[in-house]
Amino acid sequence: MTSSAAVVNFSPEPGSVEVREFARPDIGTHDVLVEVEAVGVCGSDLHQWSSSHSWPVNYPVVLGHEFAGTVVQVGAGVTGWSEGDRIASETAAVIDPDNPMSRRGLYNLDPTRKGFGYGVDGAMTRYTRVPARCLHRVPVGLPLEHAALTEPCCVAYNSVVENTRISPGDRVLVIGPGTIGILCAAMAKLRGGDVAVLGLETDQKRFRVAEKYGCKTLTDAEAWCLQRDGLGADVVV
Ligand SMILES: [Zn+2]
């Protein structure tokens, strides 16, 4: 098969997303070709669709950066990966290893990086080209549909575990019950927080998801935040 359907963002005009034919990509020496099994729709995909994004997009581009799949072809210079390996991918497809942020190990913050779905073609198609350094192994028994949530889970983990101090019992208020908000709330729960998610009356469906993680849901946070010591929430995400 030489081409497949792909979800393509083709211009900066609002609404410029459509399904197009997309050729199976050729891979470079240090790449693998991944057959995509599952891909998430990120808020940033919607921003590109409505053209309310704030980052440069390489039009036309295949959307999708939250994905998992199976390696179907391996570049000549790639070691440690084989056809049939089940993978989840990082998002920074192109980085400058000499950028000061990359040199500090923070290549995800390299301002010149190009990510899947805006800088290079992403995963809302059948086959996508991925540099081997972006790959992570998916454990046996974990469905690829769940593994596609690795990237948003990492966003939440980085925010709530790496960059926030939460002590057991702290009142943590998460503003916004979107995917990232709910995952942040779930991570804060894992850290022992007493967690509430703040949203709108129209967010009932999302609230039910947050409640599954043991979080309280609120449309007005003031009383809950002030309840203990009158000083407000210990942590606000
Ligand atoms: Zn995203």
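Miscellaneous remarks
- When the inverse distances between all different Cα atoms of the chain are averaged and flipped, the Kirkwood radius reads 19.4 angstrom.
- Within the range 129-237, the proportion of Cα pairs with more than 16 Å between them is 61 percent.
- Using a cutoff of 8 angstrom between alpha carbon atoms and counting only pairs six or more residues apart, the relative contact order for the chain works out to 17 percent.
- The chain, helix-only ellipticity at 222 nm - DSSP H runs n ≥ 4, -39,500 (n - 2.57), divided by all residues, nearest 500: -5500 deg cm²/dmol
- Full-stretch length increase - Leu46, Tyr59 - with 0.36 nm per residue and alpha-carbon distance subtracted: 3.2 nm
- The phi torsions of the range 121-127, fed into the Karplus equation with coefficients 6.51, -1.76 and 1.60 and a -60° offset, translate into couplings of 4, x, 10, 7, 6, 7, 10 Hz, rounded to whole numbers, with Gly and Pro shown as x.
- Close amide H contacts of Val120 (hydrogens built in the peptide plane, cut-off under 5 Å, sequence separation of 5 or more or a different chain): Gly115.
- Tensor-based shape of the range 81-168 (alpha-carbon gyration tensor, a/c under 1.5 rounded, otherwise prolate or oblate): oblate
- Using a simple spin-label model with pseudo-atoms 7 Å out from Cα toward Cβ, Glu201 and Ser82 lie 6.0 nm apart.
- Using θ = phi - 60° and Karplus 6.51 cos²θ - 1.76 cosθ + 1.60, couplings along the range 92-102 (whole Hz; Gly, Pro as x): 7, 5, 10, 10, 9, x, 9, 5, x, 5, 5
- Relative to the Cα centre, the charge distribution of the range 1-147, modelled as +1 at Lys and Arg Cβ and -1 at Asp and Glu Cβ, gives a dipole magnitude of about 280 debye.
- The range 87-237 - share of DSSP beta bridges that are antiparallel (%, nearest 5): 25
- With the charge dipole of the chain set up from +1 on Lys and Arg Cβ and -1 on Asp and Glu Cβ about the Cα centre, the Cα lying farthest toward the positive end among the listed residues Gly141, Val78, Ser102 is that of Gly141.
- When the P(r) is computed for the range 1-112, the part past 23 Å accounts for 40% of the Cα-Cα pairs.
- Rounded Å value of the spacing that divides the Cα centres of the range 190-237 and the range 123-139: 35
- Neighbour net charge for Ile182 - beta-carbon separation under 12 angstrom, K R +1, D E -1: +3
- Karplus-derived 3J(HN,Hα), 6.51/-1.76/1.60, for each residue of the range 154-162, Hz, glycine and proline x: 5, 4, 5, 4, 4, 5, 8, 9, 6
- Sparse-neighbour loop sites [GluC sites (Glu not before Pro); the range 19-115; at most 14 other C-beta within 10 Å; DSSP]: Glu83
- Applying 1/(1 + (r/R0)^6) with R0 = 35 Å to the Cβ-Cβ distance of Asn163 and Glu35 gives a FRET efficiency near 0.55.
- Sequence-distant residues sharing a close amide H with Val195 (under 5 Å, placed H): Val172, Lys216
- Amide H contacts of Asp85 (H built 1.01 Å from N, in plane; Pro and chain starts excluded): Val71 sit under 5 Å, all sequence-distant by 5 or more or on other chains.
Quick note: the coordinates plus some simple rules give every number you see, no bench work behind them. Because the structure is predicted, anything quoted here is derived from the model rather than measured. Here Cβ is always computed from backbone atoms with ideal geometry, including for glycine, and neighbour counts include all displayed protein chains.
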